[in-house]
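Beneath this line is the structure, given in structure tokens, with notes to follow.
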Amino acid sequence: MIVPYSHVIVLAGIVFLMGMFCAVTRRNLIMILLGLEIMLNSGAIAFIGAALRWQLLEGQAIAIFILAIAAAEVSVGLALIVCAYRRKGSVDPGAYN
Amino acid sequence: MMNWIIFSPEFYFLLVSTVFLCLSMMRRIKPEQLYFTALVLASVGVGVCLACVRLTGDLFSGTYRIDLFSQVFKVMLSMGLFLVVCLCTELEGIAKRHHPEFYFLLSACTLAMMMLVSSVHLLTVYVALELSSYSLYTLVFLRKGRDRGVDAGLKYFLIGASASALMLFGFALLYGSIHVAYLVEILKILPKVLNRPVVIIALILLLTGFFFKLAVFPFHFWAPDVYESAANQVTTYIATASKVAAIAILIRIVALAGDGSAYLVHMLVTLSIVTMTIGNLAAVVQKDFKRLLAYSSVAHAGYVLIGILSMSQAGYSSAIFYALSILMMKFTCFLVLVKVSDDGRNLDIEHLAGLHRRSPILAMALMMALFGLAGIPPTIGFTGKLLIFTAAMQKGYFMLVLIAMINVVISLYYYLLVVRAAYLLEPKEQLPELQVPGSIKVLAGLLIFGMVAGGIFPQYIIELSRTAAMTLM
């Protein structure tokens, strides 16, 4: 493995924090959803790094599953956002109260 | 060649959800027909799960385990589904055209939770947890009326998705540091590496997903809003079946830590104390009956954590017993709630006034369920609390048990307020007698009998949960 595992973990951690920051600070539901997706993808990066570290394919298989689940999450999330937009006329969660 | 017979409960519920998926695409189905179909299918489901209770085996290259522990929980989950379907005679809280989808999502969610309690690999745990969560998010959104459900549904979705992302990152860290993903192998390796900081961080992160499901302290904010805004039947399902599944998977995960490390136990003790205190104190001031039950769920999550953090066989078996008692007691409360609010509206506690005259059997059932939740003998709730506290005392957590006892006293106050509303208060205007169908009366009677019998003769259930807990260690 050319890239050390610790670097991969640091990268995954940074991506995770960026996603979390996006999810917490944005005032737009679609951007919040995007932030959540980035958090999931950082998990996938960490799994692939772990798979390379231990030379096991299991981690990569899990990463593929994560992609599928992230897609499902986006579709459920977008459906809910569309439904909320139709009823409220806004995608700003601050406007919902 | 895999032995597919042991997979039959899941197959059956997959079939049920497919049936409702097809029905949701057909036009003009009467709600009564749908209700009847769902009732028959769900009752057969309980039978299928009961028939499979003694099966054991592994599936999908060992990522999926059928043992007594999982089968006992599958019976509870299918019972939960059946009981919730029993309440769907009117289903006023959900638009008529969404009824087939409602049943589809309920059965898909039950299927996912059954897969969750059988999962013994990080990947299957994650997939099953996500599948069950997505069904629940959509169910909360189905509440009829323009704005109801949207706020709470979005909140539920966003908090849930963040919790599951945290959990996934925890899985990745754990896998990266110990290179196995089978829970059985993690069980062998984890106690040796439990003093490494990264492992502790991974464990804390991955527990968040389950804490969210169970509404434990930092992740309990969704509970009151979701309980209040979801349709009454959906709330019933979230308060009963989904809590049972969450307890099951939390037991499986915490059992991995073996005898436990000091850090983990301290964290769980803190969370348990904060959770039950916040839940009970917030419940005292609630006016809405569903919000009150939401905070009482939070408090009960704290009690269950006491059993789980004891990390002994007695602790785990007491948590299993408590899951069953929560299922019965919470369901009885919601049975009364659904029947009293016949047009699907939310119910304030004062709306229960004069219930003993309007429907004596429902008032009786409510009183027994609330006594059970407060832990008054001779109900099943008392036995559950006794088992949990005994397990904690064996481990020497005296202060924890003392704080829990103080919490029980606090909780007695607001449970008794509800009982007082049902028995002693007079309604402002004269209300007509409630039209309760005979089947519901029989169900309420059976539940009362079950709660009392479970309190007086709990040996069989205790024995069963002890054997189930033994398969974990």
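The values are calculated or read from the model by the stated rules, or taken from the named source; none is laboratory data. None of the values given here were measured: they were computed from a predicted structure. Note: ideal-geometry Cβ built from the backbone for every residue, glycine included; neighbour counts use all protein chains shown.
Identification of helices (runs of 4 or more DSSP H) wholly contained in region B:43-152 with 2 or more residues that are within 14 Å of another protein chain (Cβ to nearest Cβ) and in contact with a Leu (Cβ under 6 Å, 6 or more places away or on another chain) yields B:99-118, B:122-141. Residues in region B:212-237 that are surrounded by fewer than 24 Cβ atoms within 10 Å (Cβ to Cβ) and not in a helix (DSSP H, G or I): B:PHE221 alone.
Note on region B:149-180: among residues that are closer than 19 Å to B:ARG196 by Cβ and of a type in the set (Gly, Ala, Ser), the one that is surrounded by the most Cβ atoms within 10 Å (Cβ to Cβ) is B:ALA172. B:GLN286 passes every criterion in (1) at pLDDT 85 or above; (2) in a helix (DSSP H, G or I) apart from (2).
Can B:ASP343 be described as out of contact with any helix residue (DSSP H, G or I) (no Cβ under 9 Å at 6 or more places or on another chain) and over 25 Å from B:VAL193 (Cα atoms)?
On the way: out of contact with any helix residue (DSSP H, G or I) (no Cβ under 9 Å at 6 or more places or on another chain): yes; over 25 Å from B:VAL193 (Cα atoms): yes.
The answer is yes for B:ASP343.
Among the residues of region A:88-97, the one identified as crowded, with 17+ Cβ neighbours inside 10 Å and either among the acidic types (Asp, Glu) or free of Cβ contacts under 8 Å to residues at least 12 places away in the same chain (or both) is A:LYS88. Could you tell me whether any residue of region A:75-84 is touching a residue at least 24 places away in the same chain (Cβ under 8 Å) and farther than 20 Å from B:SER133 by Cα? No, region A:75-84 has no match at all. The residue that is farthest from the other protein chains (Cβ to nearest Cβ), counting only those in region B:168-196 that are of a type outside the set (Asp, Glu), in a helix (DSSP H, G or I) and over 23 Å from B:ALA262 (Cβ atoms), is B:VAL184. Scanning region B:454-473 for residues that are out of contact with any helix residue (DSSP H, G or I) (no Cβ under 7 Å at 6 or more places or on another chain) and touching a residue at least 12 places away in the same chain (Cβ under 8 Å) gives a single hit, B:ILE456.
Give the residue that is farthest from the other protein chains (Cβ to nearest Cβ), with candidates limited to residues of region B:153-167 that are of a type in the set (A, V, I, L, M) and farther than 21 Å from A:TYR85 by Cα. Ranking the qualifying residues of region B:153-167, first place goes to B:ALA163. Among the residues of this structure, B:ALA202 does not count as one that is closer than 19 Å to A:ALA50 by Cβ, crowded, with 24+ Cβ neighbours inside 10 Å and within 14 Å of another protein chain (Cβ to nearest Cβ).
Screening B:LYS428, B:LYS395 for residues that are more than 21 Å from the chain's Cα centre (by Cα) and farther than 17 Å from B:SER310 by Cβ leaves exactly one candidate, B:LYS428. Taking residues in region B:145-166 that are closer than 15 Å to B:VAL234 by Cβ, and partners anywhere that are basic (Lys, Arg) and at pLDDT below 90, the pairs with Cβ atoms closer than 6 Å and at least 6 places apart or on different chains are B:GLY149/B:ARG143; B:VAL150/A:ARG87. Quickly run through region B:309-345 and pick out the residues that are buried (at least 24 other Cβ atoms within 10 Å of the Cβ) and among the β-branched types (Val, Ile, Thr). Result: B:ILE320, B:ILE326, B:THR332, B:VAL336, B:VAL338. Between B:LEU55, B:LEU81, B:LEU91, B:LEU87, the distinction of being in contact (Cβ under 8 Å) with a residue 40 or more places away in the chain and farther than 29 Å from B:THR138 by Cα belongs to B:LEU55 only.
Out of B:LEU194, B:LEU264, B:LEU206, one residue alone is out of contact with any Phe, Trp or Tyr (no Cβ under 9 Å at 6 or more places or on another chain) and touching a residue at least 12 places away in the same chain (Cβ under 8 Å). It is B:LEU264. Looking only at region B:59-94, which residues are small (Gly, Ala, Ser) and farther than 17 Å from B:ALA38 by Cα? B:SER61, B:GLY62, B:SER70, B:GLY93 - these are the residues of region B:59-94 that are small (Gly, Ala, Ser) and farther than 17 Å from B:ALA38 by Cα.
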